[in-house]
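Peer 1: One structure, pasted below without further comment.
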Amino acid sequence: MLEIVDLTVAYGPVMALHGVSLTVADSSITAVLGANGAGKTTLVRTISGLVRPRSGSVRLDGRDITRLAPEEIARLGVAHVPQGQAVLAELTVDENLRLGGLWRRDPSGQRRALAEAYELFPPLASRRHLAAFSLSGGERQMLVIGRALVARSRVLLLDEPSLGLARLVLVQIMARIKTMVHERGLTVLLIEQNAKSALSVADQAMVLHLGKVVVQGGAHQLLSEEGLRHAYLGF
Amino acid sequence: MVTANLRLGRLVRPTLNRHLLLALGAAVVLVAISAQIGAYDDYNLTAVAIFAVAAAGLTLLTGLNGQLSLGHGALMAVGAYTASLLLKDHQLPVIVVLLLAVLTTGIVGIVFGYAAARLRGPYLAGATLTLAVALPQLATRYKSIFGGDAGLSVPPSAPPAWLGADFPPERWLAWIALAAAVVTMVLLANLLHSSVGRSFIAVRDNEVAAALAGIDVARTQVLAFVISASCAGLAGALFGYWSGVTAPAGFGLGLSLQLVTAIVIGGLGSLAGAVWGSIVLVFVPTLTSGMASSLNVPSSVANNLPLAIYGAILVIAMLAAPHGIQGALTRLLALARTRWGHSSASGKKGVMDWDDPAPNP
Amino acid sequence: MSRFLVLTVNGLTQGAIYAAMALALVLIWRATKVINFAQGAMAMFTTYLALFAIDHGAPYWLGFVVALLSGLVLGGIVERVIVRPVESAPPLNVVILTLGLLLFFEAVAPMLFGGQIRSFPPAFSIVGLHLGNSQVAFSPFDAFTLGSVLAVMILLLVLFQRTNLGLRMRASAFNPEVSRLLGIRVGRMLTLGWALASLVGALAGVLIAPTFLLYPTFMDQVLVYGFTGAVLGGLDSAMGAVIGGLLIGFALSYVGGYLGSDLETVGALVILIAVLMVRPRGLFSLQRLREV
């Protein structure tokens, strides 16, 4: 369970997040929505430890991880997949995937996890020894999610995975994520600008505006209530 | 063109007046001081002025334009050798020698500046490093012209008759050096506040934006380099007069690094800081040698202590106080202002604002 | 042997040493985006430590090991203690920091070991080998120089390309932030990178000290030539650095042999400027690759 309690983050004089609170239950997908600059990426970067908050806390299964280094938080099972350049382009597909679970020092478990990832994403298997920069956008996204798989992360922080993806590919990936959530008890925080597709897979949703939470609740509810949708999501 | 000049004129003149006044005041004070102190102190005063001229040029290049040069010691050598060669067989007035040294080094600056105009960061640093190590080798190679390792001697400049027969030559040299320093400072200060100075800063901060704003980036880089090289040449020629001999050993990598130390101590981009840094450069060796002899420290330690101290200063400065003395003073001033409730703003910041983190979106 | 052949062989052995220095610089550049201008001075220091051991009765090979080990340790300490605090500062600050280290090491060495020029023993005989009836300008020590530099490069290649540790180091160098998010302790990888680079630098030091003689600034030239080689090859590419170093070795040997040894550094300068004017990022730069 991921708990964010009264998080306030500032960059110098600029307030990025004001007292944001959120609880993400295990085996669920929570969508974080909002316009550009609303603070979605800041939220995720604070959870994964890249940014220090001014006040507030982040708890993973009751443990306070607010001030841990990013690599330590990753080793606790939190996988943050950043926007854009998350793939290590110079390294091969296989090397990228292996990186996910290296710190576990469990070679046989690693091999199994790698095999699973290739099974789940066949296009990666056929490009195993190619450098990652030769992958298409959709394949890169598969790579970073596959990497989180290999890391056997329990919490997945996805920052705009739909960016630059064809709709069909996006649907496929979302379906895979939903499967992983059900099969492995994965917990997902999904940042999206494409609210519609996010809400179609999410269980819960939260809308950020200028660093503050404006709406929070069931995803289905947000999708079906026209008033809320129009006001906060523009459709 | 005409409108640009008019605008420039309106901007420059009041600043120019202010600078000239300051310069005049400084000159009077310095002349008065030099009249009171003895030959040894005049000698040191000259040294401070010499380093200040070189450091001012370098701080302009590195602080304002963002180009780090590790080769300004070699450029000083160009000025020094020009002076030596001119004076080898002829008697020339000091001002002529100095101007020709400036010209020669300026030309070298143009050549190197154009070659290096597209280089940034470590590439430029490396190219100037190679210059610093390579140029002294030319002196050893062409022994017949440059006198090889022993170098060339520089005859001292005799004080003019109208100052009186008893006028000490050290004080005369101090006056020359101080005059050169004052003139350099005024010219550079005006440059800083002109549109040229602003174009330097614009290119340092964001080349792409500067180019889009119509600034010729390559020309700006070359101009900054040439100006700083000319300052180094002037300082080098004065150095020749001051030390009496021009030899390659005196202009090695160590000298270039000492200049870097001076501008770091003073704060990059600050002309006043160039003076602070030069004072430190001149007085640390005297302090350490005094300390060493009274503590009976072996010569291998004593001779190397200044350089070890400079090295330590650079490291510690970068770790603790990247803005140098001038920056520290500016901050103290700002702190005082806020403490006494004058303004809530953070006060004037150093030329390079190294503290502000770039916010991650 | 013909003059050209002699110069070529000489260029090869010298080039190997410059290649090693270039490699050391590129290792650090790739990991931390810093040019360690103090690399030469650090290598000088470790060479002095080796000589200190030898002076006090240690056999040559123990001194050799002392140099390499102290290089490893020194590099790690310098990164962890001095460079780490400024790693996020503007690059200019870090450059000035390494320059300060350069000054410091070059000043402290004569304080500890005396400033007079010392000779340093070569690992093997420097007398040219005999091929049939004639003597060639290639000695056992030259063979050792080439061999040890080659061995180190192969070991590093294996480390980086075939081990998990090397994978983590490559990832950390390529994208430290993403690497952190993958649970990699990037800080330790950086320290290790500096330690290894310093080891390579230390090797260069003991290999060239017999020729250049040992005095506090003897590695300045090696740093300059190594840097020139690294820049020629493109700072991003370790392979480019090695090739660049070798090219510089050859070029300097020919310049020195045909035009006079005093002009070597001038030759290096001309080559450097000429190449950078045409390719400001070096001959083999991978810059374009990264911008994908």
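All of the numbers you see were taken from the coordinates with simple rules; none came from a lab. In this text the structure is predicted, and so the values were computed from the model without any measurement. Glycine also receives a Cβ, built like all others from the backbone with ideal geometry; neighbour counts cover every protein chain displayed.
Peer 1: List B:Arg198, A:Arg54 from most exposed to least, where exposure is judged by having the fewest other Cβ atoms within 10 Å.
Peer 2: In order of increasing Cβ crowding within 10 Å: A:Arg54, B:Arg198.
Peer 1: Would segment C:163-286 count as rounded, prolate or oblate if I go by the C-alpha gyration tensor, calling it rounded below 1.5 in a/c and otherwise prolate when a/b exceeds b/c, oblate otherwise?
Peer 2: It is oblate, given that a/c is not under 1.5 and a/b is not larger than b/c.
Peer 1: For an R0 of 35 angstrom, estimate the FRET efficiency from the Cβ-Cβ distance between A:Glu183 and C:Arg84 and round to the nearest 0.05.
Peer 2: 0.25
Peer 1: Continuing with this model, one more query. When the distances between all Cα atoms of segment A:1-74 are binned every 5 Å from zero, what whole-number percent does each bin get?
Peer 2: 4, 16, 28, 27, 18, 6, 1, 0
Peer 1: Given a Förster distance of 60 angstrom, what is the FRET efficiency for C:Leu69 paired with A:His220, based on the Cβ-Cβ distance and rounded to 0.05?
Peer 2: E(calc), rounded to 0.05, equals 0.40.
Peer 1: Roughly how many Å is it from the Cα centre of segment C:218-256 to that of segment A:1-21, as a whole number?
Peer 2: If we compute the Cα centre of each part, the gap is 50 Å.
Peer 1: Rounded, prolate or oblate: pick one for segment B:26-177, where a ≥ b ≥ c are the square roots of the eigenvalues of its C-alpha gyration tensor, a/c under 1.5 means rounded, and failing that, prolate if a/b is larger than b/c, else oblate.
Peer 2: Judged from the Cα gyration tensor, segment B:26-177 comes out oblate (a/c at least 1.5, b/c at or above a/b).
Peer 1: For segment C:181-194, in order, what is each residue's ³J(HN,Hα) by Karplus, 6.51 cos²θ - 1.76 cosθ + 1.60 with θ = phi - 60°, in whole Hz (x at glycine and Pro)?
Peer 2: Coupling constants for segment C:181-194: 5, 9, x, 7, 7, 4, x, 5, 5, 5, 4, 5, x, 5 Hz.
Peer 1: Please say if segment C:1-65 is rounded, prolate or oblate, where rounded means a/c under 1.5 for a ≥ b ≥ c the square roots of the C-alpha gyration tensor eigenvalues, and otherwise the choice is prolate for a/b larger than b/c and oblate otherwise?
Peer 2: It is oblate, given that a/c is not under 1.5 and a/b is not larger than b/c.
Peer 1: Right, here's the next one. If we count every other residue with Cβ under 10 angstrom of A:Gly100's Cβ, Lys/Arg +1 and Asp/Glu -1, where does the sum land?
Peer 2: +4
Peer 1: Would you mind working out the magnitude of the charge dipole of the protein assembly as shown relative to its Cα centre, with +1 at each Lys and Arg C-beta and -1 at each Asp and Glu C-beta, to the nearest 20 Debye?
Peer 2: Roughly 1520 debye for the protein assembly as shown.
Peer 1: For segment C:66-203, take the alpha-carbon Rg, divide it by the Kirkwood Rh, and send me Rg/Rh.
Peer 2: 1.09
Peer 1: A further question on this structure: What is the distance in Å between the Cα centroid of segment A:22-68 and that of segment B:155-213?
Peer 2: 56 Å
Peer 1: A follow-up question, please. Separation between the A:Asn36 and B:Leu16 pseudo-spin-labels, each 7 Å from Cα along Cα→Cβ, expressed in nm?
Peer 2: Distance between label points: 4.7 nm.
Peer 1: Quantify how strongly other chains surround peptide A:95-107 by giving the mean number of their Cβ atoms within 10 Å of each of its Cβ atoms.
Peer 2: Rounded to a whole number, the mean comes out at 3.
Peer 1: Rounded to two decimals, what is Rg over Rh for segment B:2-259 when you use alpha-carbon atoms and the Kirkwood radius?
Peer 2: We get a ratio of 1.00 for segment B:2-259.
Peer 1: Right, another one. Note down the nm distance, to one decimal, between modelled labels 7 Å out along Cα→Cβ at C:Val270 and at A:Lys196.
Peer 2: That separation, rounded to one decimal, is 6.8 nm.
Peer 1: At a temperature of 25 °C and a viscosity of 0.890 mPa s, determine how fast segment A:2-233 diffuses translationally according to Stokes-Einstein, using the Kirkwood radius over alpha-carbon pairs as Rh; express D in µm²/s, rounded to the nearest whole number.
Peer 2: It comes out at roughly 137 µm²/s.
Peer 1: Within a Cβ distance under 13 Å of C:Gln14, other residues only, what is the Lys/Arg minus Asp/Glu net charge?
Peer 2: Summing Lys/Arg as +1 and Asp/Glu as -1 gives -2.
Peer 1: With an 8 Å Cα cut-off and a minimum separation of 6 or more residues, compute the relative contact order for chain C in percent.
Peer 2: 35 percent
Peer 1: Extending each Cα 7 Å along its Cβ direction at B:Ile145 and B:Asp216, get the distance between those two points in nm, one decimal.
Peer 2: Here the modelled spin labels are 3.0 nm apart.
Peer 1: In whole Å, what are the extents of chain C along the principal axes defined by its C-alpha atoms, from largest to smallest?
Peer 2: 64, 47, 35
Peer 1: Along the positive direction of the dipole of the protein assembly as shown (beta-carbon charges: Lys, Arg +1; Asp, Glu -1; about the Cα centre), which of B:Leu45, C:Ser253, B:Phe283 reaches farthest?
Peer 2: Of the options given, the answer is C:Ser253.
Peer 1: At R0 = 56 Å, how high is the FRET efficiency between B:Ser300 and A:Asp6 if r is their beta carbon distance? Nearest 0.05 is fine.
Peer 2: Calculated value: 0.35.
Peer 1: If contacts are Cα pairs under 8 angstrom and at least 6 residues apart, what is the relative contact order of chain B in percent?
Peer 2: This gives 29 percent for chain B.
Peer 1: Among residues other than A:His80 whose Cβ falls under 12 Å from its Cβ, what is the net charge (Lys/Arg +1, Asp/Glu -1)?
Peer 2: 0
Peer 1: Also, I was wondering about something else. Which three lengths, in whole Å and largest first, does the protein assembly as shown cover when its Cα atoms are put on their principal axes?
Peer 2: The principal-axis extents, from largest down, are 102, 85, 57 Å.
Peer 1: Treat every Asp and Glu Cβ in segment A:32-181 as -1 and every Lys and Arg Cβ as +1, leave all other atoms uncharged, and give the resulting dipole magnitude about the Cα centre to the nearest 20 debye.
Peer 2: Magnitude of the dipole: close to 320 debye.
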